[in-house]
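Asks: Have a look at this one.
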């Protein structure tokens, strides 16, 4: 893989993805245009698609820009313990790397299983678990809301929807965070998650229930147990961490931006506005791997060779100045962001709706239970996880007037 003469490829790592990603993407766009050469761990070359139109082109053409990772022209230099293997998906028979008609049938199976989730039941689950978590710290007058709440709630809800026991939650959280961060422990996290899914499948084969996993197993399309297990890994990872970061990033915005102060005193309209603005300006999913070129082609004035890996720069595309002229203003109801992807491999609509219900309910319950919640540290001291893939806070310390626990008696 080669790039046009010019500035050197940009390492897809380092503190700037944590401290100033928007400025970094602007510099990359200035130096390379809408498609920039980057280097992954181990000096492995790839392309980062920064442009909105170019990203739309890549995600809208699954034939030229395939999800089949077997096409990659770099496999001969990838070691077996490469930490980004879980993100790339080599030899993983999951929905992420299935193509053609098989993918469409498989996506329908996943969507149907998720669409059957009752939204009223989902909101009730989320409220119950949110109240239980808040009961654990509401009497203290202070909390680190990421670790105590945002990082626990989505997984607890999804675990119940899918058929896991609540006791399995902490281990699943640790495993998925390790896998997604792509650092030390990534492969071990993937293995823990895979073993958990296999056990859940065995349990639901023996005793089906009213849950997502049982509905997937009952589908008549003939998917193997390994395929269903892989899809469950994808669904849990994609449903938990980005939703946790959506909650955390939205609360950060509401606690640090005067435009959203009204929501801290009972308003609800600005909760939805804050969540929508986060998807534009501070999206949890920053970059995604990826697509592989099926043949030589041109994209954004770069020569892309057959087998080259293209990473989807969702955050950069959302801020592309060629399509964004409203920098600094509320985005209102405009949902043309790339935060859930695009094309036939985008996040299924039922999964998106589930994530939105969980995140919005989580925020609303916090505001109901802790109406005078405020940031407990200077806003400038808040830091992000050092990951180019997902953007979330390492912590969000808050203070509030201590209140009694509900103890399961929400009025």
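The values are calculated or read from the model by the stated rules, or taken from the named source; none is laboratory data. A quick note: this is a predicted structure, and the numbers were derived from the prediction, not measured. All Cβ positions, even for glycine, are placed from backbone atoms using ideal geometry, and neighbour counts span all protein chains on display.
Asks: Considering only residues that are in a loop (DSSP other than H, G, I, E, B) and either in contact with a strand residue (DSSP E or B) (Cβ under 9 Å, 6 or more places away or on another chain) or farther than 15 Å from residue 42 by Cα (or both), which ones fall in the stretch 67-88?
Replies: 67, 68, 72, 73, 74, 78, 82, 84 - these are the residues of the stretch 67-88 that are in a loop (DSSP other than H, G, I, E, B) and either in contact with a strand residue (DSSP E or B) (Cβ under 9 Å, 6 or more places away or on another chain) or farther than 15 Å from residue 42 by Cα (or both).
Asks: Given the condition farther than 16 Å from residue 251 by Cα and modelled with pLDDT under 85, answer yes or no: does some residue in the stretch 391-408 qualify?
Replies: yes
Asks: From the list 127, 121, exactly one residue is at pLDDT 80 or above, more than 16 Å from residue 243 (Cβ to Cβ) and in a helix (DSSP H, G or I). Which is it?
Replies: After applying the criteria, what remains is 121.
Asks: Do you know which residues across the stretch 211-239 are closer than 16 Å to residue 165 by Cβ and either modelled with pLDDT of 90 or more or not assigned by TED's automatic domain parsing to the domain that holds residue 271 (or both)?
Replies: Answer for the stretch 211-239, where residues must be closer than 16 Å to residue 165 by Cβ and either modelled with pLDDT of 90 or more or not assigned by TED's automatic domain parsing to the domain that holds residue 271 (or both): 211, 212, 213, 214.
Asks: Give the number of residues within the stretch 32-64 that are more than 20 Å from the chain's Cα centre (by Cα) and within 18 Å of residue 14 (Cα to Cα).
Replies: The number of residues fulfilling the criteria is 11.
Asks: Another question, then. If a residue has to be in a helix (DSSP H, G or I) and touching a helix residue (DSSP H, G or I) at 6+ places or on another chain (Cβ under 7 Å) to count, how many in the stretch 188-214 make the cut?
Replies: Here the count works out to 16.
Asks: Please tell me if residue 180 is in the same structural domain as residue 350 (by TED's automatic domain parsing), modelled with pLDDT of 90 or more, in contact with a helix residue (DSSP H, G or I) (Cβ under 9 Å, 6 or more places away or on another chain) and surrounded by 17 or more Cβ atoms within 10 Å (Cβ to Cβ).
Replies: Here the answer is no, as residue 180 does not meet what is asked.
Asks: Of the residues 55, 24, only one is part of a helix (DSSP H, G or I) and without any contact (Cβ under 8 Å) to a residue 60 or more places away in the chain; which?
Replies: That would be 24, the only listed residue that is part of a helix (DSSP H, G or I) and without any contact (Cβ under 8 Å) to a residue 60 or more places away in the chain.
Asks: Check the stretch 256-273 and report whether any residue there is at pLDDT 85 or above and touching a strand residue (DSSP E or B) at 6+ places or on another chain (Cβ under 6 Å).
Replies: No, the conditions are met nowhere in the stretch 256-273.
Asks: Taking residue 363 and the conditions (1) in contact with a helix residue (DSSP H, G or I) (Cβ under 9 Å, 6 or more places away or on another chain); (2) at pLDDT 95 or above; (3) outside the structural domain of residue 150 (by TED's automatic domain parsing), which numbered condition does it fall short on, given that it satisfies the others?
Replies: (3)
Asks: Out of the residues in the stretch 183-209 that are without any contact (Cβ under 8 Å) to a residue 24 or more places away in the chain and surrounded by 16 or more Cβ atoms within 10 Å (Cβ to Cβ), which is nearest to residue 238 (Cα to Cα)?
Replies: Selected residue: 192.
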